[in-house]
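Presented below is the structure to which this report refers.
The values are calculated or read from the model by the stated rules, or taken from the named source; none is laboratory data. For clarity, every value in this text was computed on a predicted model and none was experimentally measured. Cβ: placed from backbone, ideal geometry, glycine included. Neighbour counts: every protein chain shown. When the accessible area is computed, the model is the full protein with side chains, heavy atoms only, and any ligands, DNA or RNA have been set aside. Shrake-Rupley method; radii C 1.70, N 1.55, O 1.52, S 1.80 Å.
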Amino acid sequence: MKLFIKVERRDSTSIPLTIAVILLSLLIGFCLIAGLLAIQGIDPLFALGKIFAGSFGRIYGIGETITKGIPLILIGGGLALAFRAKFWNIGAEGQLLSGAILSTWIALNWAPHLPAVIVIPLMFLAGFLGGAVWGFFPALFKVRFGVNEVISTLMMNYIIAEFLNMLILGPWRGESRMGFPYTDSFPPSATLYQLPNSRVHLFTLILALCFAFLLFLLIYRTKFGYEVRVIGENRDAARYAGIDFFRNTIILMVISGGMAGMAGVGEVAGIHHHLTYPQMISSGYGYTGIIVAWLAKLNPLLAIISGLFLAGILVGGDAVQISLGLPAATVHVFNGILLFSLIMGDYFLLNRLLITIRRDRAEGRTGGV
Amino acid sequence: MKKILSLKMEGITKAFPGVIANRGICLSIHSGEILGLLGENGAGKTTLMNILYGLYRPDEGTILINGEPVVLNSPRDSIRMGIGMVHQHFMLIQNHTVAENITLGYKDAPFFFPLREVEKKLKGFSELYGLEVSARKAVWQLSAGEQQRVEIIKALFRGAHLLILDEPTSVLTPPETADLFEILKRMAKEGHSIIFISHKLEEILTLCNRVVVLRKGEVVGEADTREVDKVALARMMVGRDIVFDLTRKKLTPGDPVLEVDNLTVRGDRGEVAVRELSFSVCRREILGVAGISGNGQRELVEAITGLRPADSGTVRVAGRDVTNSSARLISDYGVSHVPEERIKFGVVPNIMVYENCILKRHHRPPFFRGLFLDYDAVKEHSSRILKSFKVAAPSTSVPVKNLSGGNIQKLILGRELAGEPCLLVAAHPTYGLDVGATEYIRTQLLEHRERGISVLLISEDLEEIFQLSDRIAVMFKGEFMGVIPAGEVNMEDIGLMMAGSKRLEARGK
Ligand SMILES: Nc1ncnc2c1ncn2[C@@H]1O[C@H](COP(=O)(O)OP(=O)(O)OP(=O)(O)O)[C@@H](O)[C@H]1O
Ligand SMILES: [Mg+2]
């Protein structure tokens, strides 16, 4: 008796199947994480329990989850758009920082003289612009010179991070900071209202939800979204249909970068109220956003759910990190494992696994998974 | 591996959401036989062969090789059993060389320097069957005929005894088809069995020993090819008589719609593909461009439709200079285009049928209004196209990739004609269509001609050229060997012109 395992393309996929596969992949991901914890000598159930208790269990945890969900929803939506066109934007991290920098400039220079109703929109506009510029260049390099966007967007992350370091260590270092690498605190007109007992900056949250909806409309209902999807699915057909690859790529990266830029504004105006080290401004949101977009099946509305989910893991991860004394990178390892199992899940969504038990030469029983 | 002496498919049934592609199909073939598989677009031929090749699992039915039941769960199983398949659309890796493509998936290749061994074996096949290809060329440099040969060799390398060819000739030039038939006959003589799918009845009649006809997923007839003729086969296939002769009304052509003057275009490798070409097509006129493909037809079409820059010369549409204008502008001026490579250019396989129906017109009313696309209008438009062009699809909300090859072609044609264009540039419009659909499309082209559009028809099918064209141009090495009213020229002259050994001028000029 022999066991054979085969892979076959699925004829079709259905929504229940998609949900089942996503849940199953997450389950497998968590099992792997549990295994990893067990190896470290930590009771996995206890630790995973702590993660969820930390992020979704207490009021404070929920607040933190939403707080971290805000940039993830914004970035995930923007990346969903870029990935639709198969433009692999790995640079949301840099686009976020770029937005944070430009809006900080507004906060430091204009905010003291103007009321919040003017400053806040201006800051978000500046943030969008900053992110957009940082998204624009890789797009231009791609359509003009054929530079691979994975490399260019990734490199741009380092450039802006070092530029930010230079600013806060040099010209922008606050006079009142006694040598610490922070800018001065933003004036009150440049800070966002936080919900009581939390750090949830309401304005950005509403903005993120609105933009998720707008991006959804953009992708599924507009001419631009249609063209983006055609470009992503078949570049040759897009050319045949007279769809402008140059223009659409530039626009979509301006939007995608702008979304990340606004996330950056939320972080500085809503939480920190000053500009500081890159890793303080963003705990890897630009990269986690990739998982958010992927988990949402490149649908900005679903990115609200997946964004909050991954935020929960980040918050819970922080909790276990502190209470169990795990290294700081642990959360990222968890995220990596989850992304990995989700991508594996995608594979099984498209393909069917056949397990065959053969007794004689030809007789067989098959079961599909 | 044992030889396949006989193969039987019994009671094969396969359903997809919304359609039953195969329904209780029985089929048998034995060693040395060439079996033709015939059927309308969407009859289930490709599906049946994909089952045999292990790509799909049948819902019901068994497959017997040499009398014993086998389970084919993947192409690996089928290849191990000695079944090889050349798909309707090529599956070669364009940037790799021939030898590299063959080595991929060739399990006996040695670990070190596999290419050397492959090249040696390749020579053997070339001599045995007359399959000639140069091993070191990259696939993108090959003509369709050569790519076909590579696919066949790939199957032979993997030890195929039974070879399935899904519409192999629809992309071949007539001499390439003749070569292919020579090769296949030699293979049959060596004991191979061959299943051959084609919509061209003459091909089935000249090549095959036996033919099985499918309709709507069922076997509706089987015959010895010595005992049937074209008309009988066509009737078996569509269940009614097909008109092989169309009547073309005499019309007086109107003003010129397309004017090409001194046009020079370069090909992919920088060579001059179209050389100082001048011609015009008028309203109510079909200009047929005959010629073996690869003589600049593709470049000419692409230059006219804005997909390729012209080196020099001008293209005018309805009096407007559109030389080197964008594809969108030219399409907005009323130029429709049925592209040569339909899957690659004509559709977006992963998006819905209705979304594909507005490709090229998605940016204009009635589909695009204000900010948003009007999906109600889009869906209505697409159901209209499906209905009037008899595209078989479960609904408009399925991805185009689920449609059969011929139905995709009908969809493209329907879409391109639905825009009421002033000029239709149609490259091989009836490639891969069954006789019924071919008849329908040709009538449609003639009807649109009567309504006043002009058509630039590129085809290798001389029958089609003669049936449809008012004037015939023969293209050879980027030039026209003459543009002649259809009544003043015969097949023989056209053949000579296609080979470049004769030039003709229109009389009275
Ligand atoms: N993967 C699939 N999912 C859903 N439906 C499918 C799929 N593949 C084929 N079909 C449907 O099954 C039917 C048979 O298709 P098939 O490709 O076998 O036709 P065919 O005889 O090869 O036609 P053609 O001559 O046009 O190539 C069609 O109606 C098609 O829409
Ligand atoms: Mg087919």
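Within segment A:242-261, the set of residues being farther than 26 Å from B:Lys379 by Cα and either within 12 Å of chain B (Cβ to nearest Cβ) or open to solvent by less than 10 Å² (accessible area, probe 1.4 Å) (or both) comprises A:Phe246, A:Arg247, A:Thr249, A:Leu252, A:Met253, A:Ser256, A:Gly257, A:Gly258, A:Met259, A:Ala260, A:Gly261. Number of residues in segment B:389-427 that are away from ligand 1 (no atom under 16 Å from the Cβ) and of a type in the set (A, V, I, L, M, F, W, C): the value is 8. If the condition is being open to solvent by 20 Å² or more (accessible area, probe 1.4 Å), assigned to a loop (DSSP other than H, G, I, E, B) and either over 10 Å from B:Gly36 (Cα atoms) or of a type in the set (Lys, Arg) (or both), then segment B:204-241 contributes B:Lys216, B:Val228, B:Asp229, B:Gly239, B:Arg240, B:Asp241. What is the number of the single condition among (1) crowded, with 23+ Cβ neighbours inside 10 Å; (2) β-branched (Val, Ile, Thr); (3) within 14 Å of another protein chain (Cβ to nearest Cβ) that A:Val265 does not meet? Result: A:Val265 passes all but (3). Applying the set (1) more than 16 Å from ligand 2 (Cβ to nearest atom); (2) touching a residue at least 40 places away in the same chain (Cβ under 8 Å); (3) open to solvent by 40 Å² or more (accessible area, probe 1.4 Å) to B:Phe16 leaves exactly one unmet item: (1).
For every residue, the table says whether it meets (1) within 14 Å of chain A (Cβ to nearest Cβ); (2) within 16 Å of ligand 1 (Cβ to nearest atom); (3) among the aromatic types (Phe, Trp, Tyr); (4) open to solvent by 30 Å² or more (accessible area, probe 1.4 Å).
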{"site": "B:Ser134", "(1), (2), (3), (4)": "no, no, no, yes"}
{"site": "B:Arg149", "(1), (2), (3), (4)": "no, no, no, yes"}
{"site": "B:Glu176", "(1), (2), (3), (4)": "no, no, no, yes"}
{"site": "B:Met187", "(1), (2), (3), (4)": "no, no, no, no"}
{"site": "B:Ile195", "(1), (2), (3), (4)": "no, yes, no, no"}
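Taking the options B:Ala160, B:Ala155, name whichever one is in contact with a Leu (Cβ under 7 Å, 6 or more places away or on another chain), more than 16 Å from ligand 2 (Cβ to nearest atom), more than 14 Å from chain A (Cβ to nearest Cβ) and not in a strand (DSSP E or B). Step through it out loud before you land on a result.
Details: B:Ala160 fails: in contact with a Leu (Cβ under 7 Å, 6 or more places away or on another chain).
That would be B:Ala155, the only listed residue that is in contact with a Leu (Cβ under 7 Å, 6 or more places away or on another chain), more than 16 Å from ligand 2 (Cβ to nearest atom), more than 14 Å from chain A (Cβ to nearest Cβ) and not in a strand (DSSP E or B).
Applying the criterion of at least 2 residues that are more than 7 Å from chain A (Cβ to nearest Cβ) and within 28 Å of B:Ser397 (Cβ to Cβ) to the helices (runs of 4 or more DSSP H) found wholly in segment B:292-374 leaves B:353-356. Scanning segment B:388-409 for residues that are open to solvent by less than 20 Å² (accessible area, probe 1.4 Å) and within 16 Å of ligand 2 (Cβ to nearest atom) returns B:Val391, B:Val400, B:Leu403, B:Gly405, B:Gly406, B:Asn407, B:Ile408, B:Gln409.
Give the residues of segment B:405-445 that are polar (S, T, N, Q) and under 11 Å from the mean Cα position of the chain (by Cα), sorted by residue number. It would help to see each step written out before you state the result.
Initially, segment B:405-445 is screened for residues polar (S, T, N, Q), giving B:407, B:409, B:430, B:438, B:443-444.
B:Gln409, B:Thr430, listed by residue number.
Can we say A:Asn335 is modelled with pLDDT of 85 or more, polar (S, T, N, Q) and under 17 Å from the mean Cα position of the chain (by Cα)? Write out each step before concluding.
Details: modelled with pLDDT of 85 or more: no; polar (S, T, N, Q): yes; under 17 Å from the mean Cα position of the chain (by Cα): yes.
For A:Asn335, the condition - modelled with pLDDT of 85 or more, polar (S, T, N, Q) and under 17 Å from the mean Cα position of the chain (by Cα) - is not met.
Name the residue that is farthest from the other protein chains (Cβ to nearest Cβ), counting only residues in segment B:410-423 that are within 16 Å of ligand 2 (Cβ to nearest atom) and open to solvent by less than 10 Å² (accessible area, probe 1.4 Å).
Of everything passing the filter in segment B:410-423, B:Leu411 is farthest from the other protein chains (Cβ to nearest Cβ).
Residues that are within 16 Å of ligand 2 (Cβ to nearest atom), open to solvent by less than 10 Å² (accessible area, probe 1.4 Å) and either assigned to a strand (DSSP E or B) or closer than 13 Å to B:Lys216 by Cα (or both) do occur in segment B:48-69, at least one of them.
For segment A:188-241, taking the residues that are within 18 Å of the chain's Cα centre (by Cα) and open to solvent by 60 Å² or more (accessible area, probe 1.4 Å), the one that is nearest to the other protein chains (Cβ to nearest Cβ) is identified as A:Leu214. Taking each residue of segment A:9-23 that is aromatic (Phe, Trp, Tyr) and looking for partners that are modelled with pLDDT under 65 and loosely packed, with under 13 Cβ neighbours inside 10 Å with beta-carbon atoms closer than 6 Å, six or more apart or interchain, yields nothing. Which residue out of B:Ala426, B:Ala499, B:Ala437 is over 16 Å from B:Leu251 (Cβ atoms), away from ligand 2 (no atom under 16 Å from the Cβ) and either open to solvent by less than 20 Å² (accessible area, probe 1.4 Å) or within 14 Å of another protein chain (Cβ to nearest Cβ) (or both)? Within the list B:Ala426, B:Ala499, B:Ala437, the selection yields B:Ala426.
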